[in-house]
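Visitor: Here it is, the structure, as C-alpha cells.
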Amino acid sequence: MFKEYFEEKQGKPLKDAATDEVYGALLSFVREVAAQRGYNTGKKKLYYISAEFLIGKLLSNNLINLGIYKDVEEELKQAGKTLAELEDYENEPSLGNGGLGRLAACFADSAATLGLFADGIGLNYHCGLFRQKFKDNCQTEEPDFWITEDSWLEKTDKSYTVKFKDFSLKSVMYQLDVTGYGSKSNRLKLFDTESVNESVIGKGIAFDKGDIDSNLTLFLYPDDSDDKGKRLRVYQQYFMVSCGAQHIIEEAVERGSTLYDLPDYAVVQINDTHPAMIIPELVRLLTEKGIEFDKSAEIVRKVCAYTNHTIMAEALEKWPVSYIEDTVPEIAEIIKRLDALIEKKGETTKIIIDGKVHMAHLAIHYSFSVNGVAALHTEILKETELKDFYALYPDKFNNKTNGITFRRWLIEANPDLTELIRSATGDGFTTDSDRLSEFAMYKDDRGVLSALADIKAINKRRLCEFMYKNRGVSLVEDSVFDIQAKRLHEYKRQQMNALYIIQKYLEIRQGILPKRHLTFIFAAKAAPSYTAAKDIIHLILCLSKLIAADRTASEYMTVTMVENYNVTAAERLIPACDISEQISLASKEASGTGNMKFMLNGALTLGTADGANVEIAQLVGRENIYIFGKSSDEVISLIKSGRYNPRGIYSKNPAIRECVDFITNAEMLRTGSGEILRRLQSDLINNDRFMTLADFDEYCSAKDRAFEDYEDREAWSRKSLINISSAGYFSSDRTVAQYNRDIWKL
Ligand code: 26Q
C-alpha cells in the first residue's frame, strides 16, 4: 500500500527515492492511516498535563500500533531500502528529562490502546533537553534542535492569549497523533509561542533568561537544582497551564458543559507539581465566567487529581510568592485566597509558608486524588513526608504503581524476544499483559532456555554496533553486560557502581581474575548546574580511560559510558543487558521504570529494596533477583538520628579505604582533574548524603554473587525467563486501567 501511495504522490518509483523523500512520504502515509482509524470520543475527557513527554522516535512505534510494520518493512525491502535507515534518519523529540516524562509517554500509548478519550497537554520546547557531549572526560551541553521540516508535529490554528503582568503572549497549538495498538488515536497537544526565537541561543546552551518573549519555549528546564532561570520556569509553567486550562474549558463548553458540571466533562491529571498552577488558573477562568469564587474552587477540586513522583525535598517545588506576583499577580492573589479557604491542621499544611508557595500543598488541597507511583513510595508519603495531609484527607491518597508500554519496550525494542514468546504462548500477551505469565511454563524447556540466551547474544551484538557508532569503542560480545542507565543523581548512586569497578580493577591487578570478561556500561545525563553529578561522570570517564589503557586489566573488564543517553539509546541498551543496576538509597527512588524495562527484557535486577524494586522482588522471588543494602526503614531512622558517619566507615574498613583512596592516586590524577576528583572523594568521606559507604560491602557481595551465578548459563537463562514472565504486572495498560477505574472514571 505504501509503495502505491509513494509512487502516486512523488511520481517516481520507490526504489529511486532518497531517504528524506521516503521518510516524508511515509510520515504522511502513517498520518492518513491513523486518521482513517479515527479518534477516541466521549463526554468526559482526561487531560494529562505534564511539563515533559519523553515520547521517543515515532515511526516504528506508529507502524507497530497501526499494524502495518511488517507490510511496510517488506515493501521497503522490495525497493532495496530498510526501515532501519529511516529510523536513523528520524530525530528523537527532546521533550523530557527522564522517568516522569517517559511515564507520560507510556501512559499516552496505553490510554489510546485502551480506547480512553484523552489528550496530553504540554509545551513544544524547540531544543528540549540539551544534547550531551564528552570533552576531556567531562560532560558538556549543546542545544538539541530536534524539530525538522518533516515532523510528526502538526500546526493547528488554535491560539490563546496568555496575560502576564506586563505583557501578553499569543500561543500556537501543535499536536501529534498518539496511536493506540489496534485502536483509535488520541492527541498530544503542545503549546508554543509565536515569538520564540532560536537565534538568541549563545555559546553552548546559554541564553538571556530575561527575554521571555523569545525564550519561553526554547528549552526544557534541565534540572531540579539550578537557581538561575527559576523565574523563567514560572513563566513556562503559567504559559502551559493557561493554554491548557483555556483549551479544556473551551472544549468542555463545546461538548455541552455549563461549567458548573465541568467535573462530568473533564478530569485533569497533574503530573507532579510542575503543572499545579492549573488549579488557580481554572479558578480564575471560572470566576471570569461569572461563577463565584468558592464555587469555582469546589468545581476545580472535583476536576483535578495529582500524582507525586518524589520525596526528595529539593525536588518539591516551592516558589517565592514574589516570583508569582511578578509574573502573574492575579494568580498570586487567587493562591492566597485558596490558602485562606482551606481547613487547616496547623502550620505544616498551609499553602504559603514563610513567603513561599508550596506547590504540592496547593495540589493536595485542591485535588480529589493524590497518588504515589509505587507501593513503598505511597506508604512513605502517607507515613512521613505527607503525614499531616494524610491525616486530613485519608480517602484522597492512593497508590498507582508505574508501568511501561510493552509496544515500545518489548515489541519494538526486542523483536526476537517478542517472536520467541509469541511462538511459545501465542499472541495474547500483546494486548493482555497478564498472559505473559504463560511463558513461565517453559522454565525447564532447554530449547527455549537456549533460544533465550541466543537472543540475548544477538541483542548484545546490536548494542556493540551501537556503542561503536556512539563512542568508537569495541565491546567484547561474550561478556557479562552490567548496565546502569538513568539520570545522574547522587541518590541513584552511580558512584557506588564506580567504586565497585575500582575494587574489581584492584583485584585483577593482584591476579584475582573474573571467570569471564565484565562490561560495565553507564548511560546518564547530569543537570548542567549539578556539580556533584558532573563530578561522578568525570570519575566514570576517567576510570574508563585508565582501565582501557591497562593491557592486562582491559582483557578482563571494560568500562564505558553512552554519550547523550536518550530513548533511542535505551532501546538498544535494555535488550542487551544481563544485570540491571537499580541501586538507589532505599526510600529515595519513588518507583523507577527502567527497572521494569530491564526485567521485561530478561535482565536480572541488582538492587536495593526501593521503589518498584520491592514489587519486582515479590513477583520473581528471592532466587531470581539480587537485593542488598539497608531497608527504607533503616535509612529513614539513620537519617533522623543524624548518626551516619561515613568517615568512621572509611577509617575502619581498609577495603573501602583502598577504593576511595584510588580516586585521587597518581594514575587517576594523570587522567583527570585533581580538583574534581578531590572534591568527589572528600564528599564521599565527609558527607556521603546517600550512604554509599554504608551499603558498599553488601553491594559488592551481591554483585560478585550475580557474576558467579551467571556462569551457570542454563540456570541464568531460567532466572531470566522467570523475570520476563513475571513482568506482566508492569504493563502501563494495567496502570492506566487502574487510574481510570479509581480516579478518572471515563
Ligand atoms: C523541579 C523544580 C524546578 C525545576 C525542575 C524540577 C523537576 C524536573 C523534573 C523535578 C523533577 C523532575 C523529574 C522527576 C522524575 O523524573 N521523577 C521520576 O518519576 C518516575 C515516574 O514516576 C519515577 O519512576 C522515578 O522514581 C522518579 O525519580
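Visitor: Quick check on this structure: which one of 63, 116 is away from the ligand (no atom under 15 Å from the Cβ), aliphatic (A, V, I, L, M) and not in a helix (DSSP H, G or I)?
Guide: After applying the criteria, what remains is 116.
Visitor: Can I ask one more? Might you check whether a residue that is more than 16 Å from the ligand (Cβ to nearest atom) and either of a type in the set (S, T, N, Q) or outside any helix (DSSP H, G or I) (or both) occurs anywhere in region 92-106?
Guide: Yes, the conditions are met somewhere in region 92-106.
Visitor: Sticking with this structure for a sec: Would you pick out the residues in region 284-311 that are open to solvent by 10 Å² or more (accessible area, probe 1.4 Å), closer than 29 Å to residue 373 by Cα and not basic (Lys, Arg)?
Guide: Those that are open to solvent by 10 Å² or more (accessible area, probe 1.4 Å), closer than 29 Å to residue 373 by Cα and not basic (Lys, Arg): 298, 309, 310, 311.
Visitor: Next question. For region 289-313, which residues satisfy the criterion of being within 16 Å of the ligand (Cβ to nearest atom) and among the aromatic types (Phe, Trp, Tyr)?
Guide: 306
Visitor: Suppose we keep only residues that are without any contact (Cβ under 8 Å) to a residue 60 or more places away in the chain and not in a helix (DSSP H, G or I) within region 260-276. Which one would you say is farthest from the ligand (Cβ to nearest atom)?
Guide: Out of the qualifying residues, it is 260.
Visitor: If you check every pair at least six apart or on different chains, which have Cβ atoms under 9 Å apart with a residue in region 68-84 that is without any contact (Cβ under 8 Å) to a residue 60 or more places away in the chain and assigned to a helix (DSSP H, G or I) first and a residue that is crowded, with 17+ Cβ neighbours inside 10 Å and small (Gly, Ala, Ser) second?
Guide: 69/60; 83/60
Visitor: While we're looking at this one, here's another question. Scan region 394-417 residue by residue and report those that are in a helix (DSSP H, G or I) and open to solvent by 30 Å² or more (accessible area, probe 1.4 Å).
Guide: Matches in region 394-417: 394, 395, 412, 415, 416.
Visitor: Quick one: would you say residue 281 is away from the ligand (no atom under 16 Å from the Cβ) and open to solvent by 20 Å² or more (accessible area, probe 1.4 Å)?
Guide: Criteria not met by residue 281.
Visitor: In addition: Residues in region 129-143: is at least one at pLDDT 95 or above, at positive phi and surrounded by fewer than 18 Cβ atoms within 10 Å (Cβ to Cβ)?
Guide: yes
Visitor: Follow-up question, since we're still on this one. Residues of region 566-585 being surrounded by fewer than 24 Cβ atoms within 10 Å (Cβ to Cβ) and more than 28 Å from residue 717 (Cβ to Cβ), which ones?
Guide: 566
Visitor: Pick out the one residue from 635, 620 that is closer than 18 Å to residue 376 by Cα, more than 16 Å from the ligand (Cβ to nearest atom), crowded, with 19+ Cβ neighbours inside 10 Å and not hydroxyl-bearing (Ser, Thr, Tyr).
Guide: 620
Visitor: Please state which of the following conditions residue 588 fails to meet, knowing it meets all the rest: (1) open to solvent by less than 10 Å² (accessible area, probe 1.4 Å); (2) within 16 Å of the ligand (Cβ to nearest atom); (3) on the phi < 0 side of the Ramachandran plot.
Guide: (1)
Visitor: Here's something else I'd like to know. So, in region 418-437, exactly how many residues are assigned to a helix (DSSP H, G or I) and open to solvent by 60 Å² or more (accessible area, probe 1.4 Å)?
Guide: 6
Visitor: Another one. Can you give me the number of residues within region 6-53 that are part of a loop (DSSP other than H, G, I, E, B), within 16 Å of the ligand (Cβ to nearest atom) and not polar (S, T, N, Q)?
Guide: 3
Visitor: Mind listing whichever residues of region 149-177 are at pLDDT below 95, open to solvent by 70 Å² or more (accessible area, probe 1.4 Å) and within 29 Å of the chain's Cα centre (by Cα)?
Guide: Listed by number, the list holds a single entry, 149.
Visitor: Moving on. Taking residue 348 as the residue in question, decide whether it is over 27 Å from residue 169 (Cα atoms), within 16 Å of the ligand (Cβ to nearest atom), out of contact with any Phe, Trp or Tyr (no Cβ under 8 Å at 6 or more places or on another chain) and not basic (Lys, Arg).
Guide: Considered against the rule, which asks whether it is over 27 Å from residue 169 (Cα atoms), within 16 Å of the ligand (Cβ to nearest atom), out of contact with any Phe, Trp or Tyr (no Cβ under 8 Å at 6 or more places or on another chain) and not basic (Lys, Arg), residue 348 comes out as no.
Visitor: Going through 604, 573, 600 one at a time, which residue ends up being under 17 Å from residue 488 (Cβ atoms) and touching a residue at least 60 places away in the same chain (Cβ under 8 Å)?
Guide: Going through 604, 573, 600 in turn, just one is under 17 Å from residue 488 (Cβ atoms) and touching a residue at least 60 places away in the same chain (Cβ under 8 Å): 573.
The values are calculated or read from the model by the stated rules, or taken from the named source; none is laboratory data. On a predicted model such as this, the values are computed, not experimentally measured, just so you know. Here the Cβ is made from the backbone with ideal geometry for all residues, glycine too, and neighbour counts use every protein chain on show. With ligands, DNA and RNA removed, areas are computed over all heavy atoms of the protein, side chains included. Shrake-Rupley method; radii C 1.70, N 1.55, O 1.52, S 1.80 Å.
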